[in-house]
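Shown next, in structure tokens, is the structure this report addresses.
The values are calculated or read from the model by the stated rules, or taken from the named source; none is laboratory data. Only a predicted model underlies this, so the values are computations on that prediction, with no experimental measurement involved. A quick note on method: Cβ atoms are made from the backbone with ideal geometry, for glycine too, and the neighbour counts reach across all protein chains shown. These area figures cover heavy atoms from the full protein model, side chains too; ligands, DNA and RNA do not enter into them. Shrake-Rupley method; radii C 1.70, N 1.55, O 1.52, S 1.80 Å.
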Amino acid sequence: MSSIQYDFGMVGLGTMGRNLLLNIADHGFAAIGFDLDPAKGKLLEEAASKDTTVKGVSTLAEMVAQLKTPRKVMMLVPAGNPVDIVIKDLLPLLQEGDIIIDGGNSHFTDTLRRITFLEDKKVHFMGMGVSGGESGARFGPSIMPGGDQGAWNYLKPILEAVSAKVNGDPCVAYMGKNAAGHYVKMVHNGIEYAIMQLISEVYDFFKRSMGLDNDELHEIFKKWNDGELQSFLVEITANIFPRKDDLGDGRLIDVILDKAGSKGTGKWTSQEAMDLPVPLPTVDLAVAMRDLSAYKDERVSAEDVYKPKVKAFTADKEKAIQVMHDALFLSTLICYAQGLAMLAKASAERKMDIPLKDVVRIWRGGCIIRSTLLETFTAAYKKQPQLTNILLDKKIASIVKKKQANLRRAVQLFAGARVPAGAMSSSLAYFDAYTSGRMPTNLIQAQRDFFGAHTYQRIDQSGSFHTEW
Ligand code: 6PG
């Protein structure tokens with residue numbers, strides 16, 4: 001066995017684990033990784049940069065024995081049972097003060113259970129969200145650690161070194177107590193689902209109603225990415241359209257089956273939002289549309305029954321593109337607003353003390369939902385760290401006011417053309433309801449009292465009332 005003492009250990013050398021470990025090694029830390037599959041250890045060593053210290057091993061004991069104390073062991077294994085199995089196998093090998101980090105997309109309730117389980121074992125445990133996919137892991141992800149503050153202090157220098165940077169500012173910060181790290185990552189993913197759905201709705205209108213081809217779509221999204229819509233998701237969307245199909249003629253996008261996969265984090269966000277409760281309609285819709293996409297055969301049959309005709313858009317194309325630009329910008333802003341409002345509520349309800357100003361700051365770089373909009377949110381939370389909803393910020397309100405007419409126009413265009421725009425419509429509905437001092441829920445209360453004697457409150461007197469309707 002070599003005499004090198006390693007700074008950081010990784011359990012699971014899949015794409016994410018391998019790339020993050022290589023990133024850690026590139027920053028001068030000696031890195032060791034374990035995977036049951038020896039081929040993955042070999043792949044890790046082969047991919048290591050020159051003059052870095054990287055080793056792959058195929059037993060957990062071998063890895064733990066070569067780590068400096070306190071040992072820092074990160075797991076990047078599939079969420080669920082595999083995480084519990086690794087913890088169980090690690091525990092006899094570790095000693096007091098060592099640190100286990102779960103860097104996968106674990107459900108926050110599993111993280112809470114693991115925190116309780118590990119409390120009396122005297123081993124630090126940290127639930128940590130990592131965003132940015134393969135290239136993020138390799139060259140700078142956004143990192144969302146939460147829970148054990150002691151562990152955070154030990155890990156800070158390594159995580160700050162490997163994270164993405166925005167103007168030199170590392171995209172990692174302590175996200176709060178308990179399962180805050182995984183909670184913030186879950187909401188990040190809910191927003192990710194919503195923005196992807198919004199972009200796909202705009203694509204649908206451009207393609208089926210306006211008849212734009214892939215080159216035109218590429219140009220539009222590329223131009224948008226140079227302006228206020230600049231974001232990772234708009235950027236990759238622009239780059240998808242020109243891609244040729246290696247297995248046939250034409251463009252790849254046109255031969256991809258319209259059934260969306262998912263690993264469940266969007267659904268978790270919606271489920272948790274309903275439990276809090278906090279409204280999250282754009283994410284709900286995004287999850288629903290992925291679900292509906294799976295019913296391919298049934299959709300094809302229904303299309304045969306109703307024979308829908310998408311109405312061709314024939315008016316001023318340049319104007320319509322600008323309308324869609326503003327609508328995408330504002331509906332995206334509104335879905336961030338929903339997600340951040342959820343974090344504000346959950347922070348108190350679930351006793352996490354989530355620093356929202358740091359959440360938006362570390363989402364500016366490295367992660368899938370990074371966008372220039374996050375700069376605007378960072379400025380808003382800097383002024384008011386306890387802001388319950390970014391739509392209440394004066395500067396943001398002035399931006400929203402300028403765009404809202406085009407969001408409304410876009411939803412009309414979608415409906416008129418018979419192109420579904422569930423996410424965009426729900427962003428607008430959320431905005432219209434959130435900014436209505438009076439909602440029609442007085443009628444719901446009357447109905448509840450009518451059929452179930454559920455009682456209601458009045459606007460002019462305090463107390464609880466029931467009427468024999
Ligand atoms: C990230 C992503 C990532 C997520 C994948 C797949 O932040 O890097 O959120 O963690 O797991 O994007 O998600 P779905 O399979 O659910 O679309």
Normalised by the residues of the stretch 1-84, what does the relative contact order come to in percent, with Cα pairs under 8 Å and at least six apart? 38
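Under 8 Å for C-alpha pairs, at least 6 residues apart: give me the relative contact order for the chain, rounded to a whole percent.
Working: 802 pairs, mean separation 61.5, N = 469.
The value is 13 percent.
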Phi-based couplings in Hz for the stretch 454-466 (Karplus 6.51, -1.76, 1.60; Gly and Pro marked x): 7, 6, 8, 9, 10, 7, 10, 9, 7, x, 10, 10, 9
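Taking 0.36 nm per residue of sequence separation and subtracting the Cα-Cα distance, how much length would be gained by fully extending the chain between K222 and I236, in nm to one decimal? Walk me through the numbers on the way to the answer.
Numbers: separation 14, 0.36 × 14 = 5.04 nm, distance 0.91 nm.
Extra length from K222 to I236 when fully extended: 4.1 nm.
Add -39500 (n - 2.57) for each DSSP H run of 4 or more in the chain, then divide by its residues: what number comes out at 222 nm, to the nearest 500 deg cm²/dmol?
Details: 19 runs with 252 residues, N = 469.
Per the formula, -17000 deg cm²/dmol.
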If you take the beta carbon distance between T455 and T388 as r and set R0 to 30 Å, what does 1/(1 + (r/R0)^6) give as a FRET efficiency, to the nearest 0.05? 0.60
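What is the percent carbon and sulfur in the accessible area of the chain, measuring with a 1.4 Å probe over the protein chains and ignoring ligands? If you can, show how the numbers build up before the last one.
Numbers: 12140 of 22330 Å².
Summing carbon and sulfur atoms, their accessible area is 54 percent of the total for the chain.
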How long are the semi-axes of the equivalent ellipsoid of the chain, taking √(5λ) for every eigenvalue λ of the Cα gyration tensor, in whole Å from largest down? 42, 30, 21
What are the ³J(HN,Hα) couplings of the stretch 402-412, residue after residue, when phi is run through the Karplus curve with 6.51, -1.76, 1.60 and θ = phi - 60°? Round to Hz, x for glycine and proline. 5, 9, 5, 5, 6, 5, 4, 4, 4, 4, 5
For T378, tell me the accessible area in Å² from a 1.4 Å probe, rounded to the nearest 10. 20
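For the stretch 212-315, state which chymotrypsin sites (Phe, Trp or Tyr not before Pro) are in a DSSP loop and have at most 12 other beta carbons lying within 10 Å of their beta carbon. Spell out each step's value before the answer.
Working: sites: F221, W224, F232, W268, Y295, Y306, F313; in loops: Y295, F313.
Those satisfying the criteria are Y295.
Relative contact order for the stretch 333-434 using alpha-carbon pairs under 8 Å, separation at least 6, rounded to a whole percent? Could you put the intermediate results ahead of the total?
Numbers: 69 pairs, mean separation 24.7, N = 102.
For the stretch 333-434, the relative contact order is 24 percent.
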Amide H to amide H, which residues 5 or more places from Y6 or on other chains are under 5 Å from it, using H placed in the peptide plane? L67, K68
Tilt, helix 296-306 to longest principal axis of the chain (alpha-carbon atoms), in degrees rounded to tens, equals 10
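When only the heavy atoms of the protein chains count and the probe is 1.4 Å, how do K263, K185 rank by accessible area, highest first? Spell out each step's value before the answer.
Numbers: K263 190, K185 15 Å².
Reading off the accessible areas and sorting them downward yields K263, K185.
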From the phi of every residue in the stretch 186-200, what ³J(HN,Hα) in whole Hz does the Karplus formula 6.51 cos²θ - 1.76 cosθ + 1.60 yield, where θ is phi - 60° and glycine or proline is x? 4, 5, 3, 5, x, 5, 4, 4, 5, 5, 4, 5, 4, 5, 5
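From largest accessible area down, sort F451, F329, F117; use a 1.4 Å probe on the protein chains. Provide the component values of the computation, followed by the final result.
Numbers: F451 155, F329 10, F117 100 Å².
Descending order: F451, F117, F329.
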Over 18 Å (Cα to Cα) - which of K263/K351; K68/K156; K259/K296 fall in this group: K263/K351
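Could you give the length gained on full extension between K402 and K165, defined as 0.36 nm per residue of separation minus the Cα-Cα distance, in nm? Could the numbers behind the result be given before it?
On the way: separation 237, 0.36 × 237 = 85.32 nm, distance 3.13 nm.
Gain in length upon complete extension: 82.2 nm.
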